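**Student:** What follows is a structure written as structure tokens; I'll ask about it next.
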Amino acid sequence: MLNRILTSATLLALFGLVGATLVAVTYEATAERITANHREALLKRLDTLVPPGRYDNDMVNDTVQISDPALADRKRPVTVYRARRSGRPEAAVFSVVAPDGYNGSIFLLVAIQYDGTLLGVRVVSHRETPGLGDAIEERKSRWIRGFDGRSLTNPDEHGWRVKRDGGVFDQFTGATVTPRAVVKAVYRTLKYFSRHRDEIFALAVTPVEIKHE
């Protein structure tokens, strides 16, 4: 009986070791390809906001992380992807969070030209209600395109609200909280960029892990 128990335990240990080894080998073999795929997906997202002809640097790796509470919450710093052409600043893409969506955080990419004009905004991920709050997605409606070309003066401070609050941005029928959260986050990002533009482009690169969301 003791011999059978020892034999079974040895076999289980061997199976576990073999399994762990296979997982490790598979991960090592695919990790580089996975990272490359994630990088390509991120670059496609960035290129929808900052056309490739506008920059000639490696924007995915020309990044900084900002932990300023005026822009980021305590849990996660904001990653900024910087676009340059011939060494001159062209645009910055902020990976920001609107923390006050109806069903939680809304993750956004906010692209701003060096002159402070919005190139565009895109939703990366969210948990808003299907058929209501998910109209912030570009594939669901053109609402998110309403930020294109906007700035701190277009509209003025009072206009940076949804129409129900006296601003210029549409809300959704039955879902005002979601667009209100996005408008607020975009405006906060524009203000931060206006105050810290030169500092953002002067900061040393902060490498970030590329993640696929």
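**Student:** Within the range 126-140, how many residues are in a loop (DSSP other than H, G, I, E, B) and either within 18 Å of residue 107 (Cβ to Cβ) or touching a residue at least 40 places away in the same chain (Cβ under 8 Å) (or both)?
**Tutor:** At the first step, the residues of the range 126-140 found to be in a loop (DSSP other than H, G, I, E, B) are 126-132, 137-140.
Then keep just the ones that are either within 18 Å of residue 107 (Cβ to Cβ) or touching a residue at least 40 places away in the same chain (Cβ under 8 Å) (or both); that gives 126-130, 132, 137-140.
Total satisfying the criteria: 10.
**Student:** Any idea how many residues of the range 81-113 are assigned to a strand (DSSP E or B) and over 26 Å from residue 204 (Cβ atoms)?
**Tutor:** Pass one, the range 81-113, residues assigned to a strand (DSSP E or B): 81-85, 88-101, 104-113.
Imposing the further condition that a residue be over 26 Å from residue 204 (Cβ atoms) reduces the set to 98-101, 104-106.
Residues meeting the conditions: 7.
**Student:** Right, next: Answer with yes or no whether residue 207 is buried (at least 18 other Cβ atoms within 10 Å of the Cβ) and either under 18 Å from the mean Cα position of the chain (by Cα) or not in a loop (DSSP other than H, G, I, E, B) (or both).
**Tutor:** no
**Student:** So for the range 151-161 (the condition being crowded, with 20+ Cβ neighbours inside 10 Å and farther than 23 Å from residue 52 by Cα), does at least one residue qualify? Walk me through it before giving the result.
**Tutor:** Keep residues of the range 151-161 that are crowded, with 20+ Cβ neighbours inside 10 Å, which gives 160.
Still in the running and farther than 23 Å from residue 52 by Cα: 160.
Within the range 151-161 (the criterion being crowded, with 20+ Cβ neighbours inside 10 Å and farther than 23 Å from residue 52 by Cα), the answer is yes, since at least one residue qualifies.
**Student:** Could you please let me know if residue 181 is modelled with pLDDT of 95 or more, of a type in the set (Gly, Ala, Ser), within 27 Å of residue 131 (Cα to Cα) and out of contact with any Lys or Arg (no Cβ under 6 Å at 6 or more places or on another chain)? Reasoning before the result, please.
**Tutor:** Values: modelled with pLDDT of 95 or more: yes; of a type in the set (Gly, Ala, Ser): yes; within 27 Å of residue 131 (Cα to Cα): yes; out of contact with any Lys or Arg (no Cβ under 6 Å at 6 or more places or on another chain): yes.
Yes: the conditions hold for residue 181.
**Student:** Can residue 60 be described as surrounded by 13 or more Cβ atoms within 10 Å (Cβ to Cβ), at pLDDT below 95 and aliphatic (A, V, I, L, M)? Lay out the reasoning, then the answer.
**Tutor:** Working: surrounded by 13 or more Cβ atoms within 10 Å (Cβ to Cβ): yes; at pLDDT below 95: yes; aliphatic (A, V, I, L, M): yes.
Spelling it out, residue 60 is indeed surrounded by 13 or more Cβ atoms within 10 Å (Cβ to Cβ), at pLDDT below 95 and aliphatic (A, V, I, L, M).
**Student:** Scan the range 171-199 and report the pairs whose first residue is buried (at least 22 other Cβ atoms within 10 Å of the Cβ) and whose second residue is basic (Lys, Arg), with Cβ atoms within less than 7 Å and a gap of 6+ or a chain change.
**Tutor:** 183/161
**Student:** Which number in (1) at pLDDT 90 or above; (2) more than 30 Å from residue 129 (Cβ to Cβ) marks the one condition that residue 8 misses?
**Tutor:** Only one criterion in (1) at pLDDT 90 or above; (2) more than 30 Å from residue 129 (Cβ to Cβ) is unmet by residue 8, namely (1).
**Student:** Among (1) at pLDDT below 95; (2) touching a helix residue (DSSP H, G or I) at 6+ places or on another chain (Cβ under 6 Å); (3) over 28 Å from residue 75 (Cα atoms), which single condition is residue 133 missing?
**Tutor:** (3)
**Student:** Considering only the range 114-125, I want to know if a residue exists there that is among the β-branched types (Val, Ile, Thr), touching a residue at least 60 places away in the same chain (Cβ under 8 Å) and either surrounded by 14 or more Cβ atoms within 10 Å (Cβ to Cβ) or in a strand (DSSP E or B) (or both).
**Tutor:** Of the residues in the range 114-125, the ones among the β-branched types (Val, Ile, Thr) are 117, 121, 123-124.
Cutting the leftovers down to touching a residue at least 60 places away in the same chain (Cβ under 8 Å) gives us 121, 124.
Among the residues that remain, those that are also either surrounded by 14 or more Cβ atoms within 10 Å (Cβ to Cβ) or in a strand (DSSP E or B) (or both) are: 121, 124.
Checked against the condition, which is being among the β-branched types (Val, Ile, Thr), touching a residue at least 60 places away in the same chain (Cβ under 8 Å) and either surrounded by 14 or more Cβ atoms within 10 Å (Cβ to Cβ) or in a strand (DSSP E or B) (or both), the range 114-125 yields at least one hit.
The values are calculated or read from the model by the stated rules, or taken from the named source; none is laboratory data. Owing to the predicted nature of the structure, the values given are computational and were not obtained by experimental measurement. No Cβ is skipped: glycine too gets one built from the backbone with ideal geometry, and neighbour counts run over all protein chains shown.
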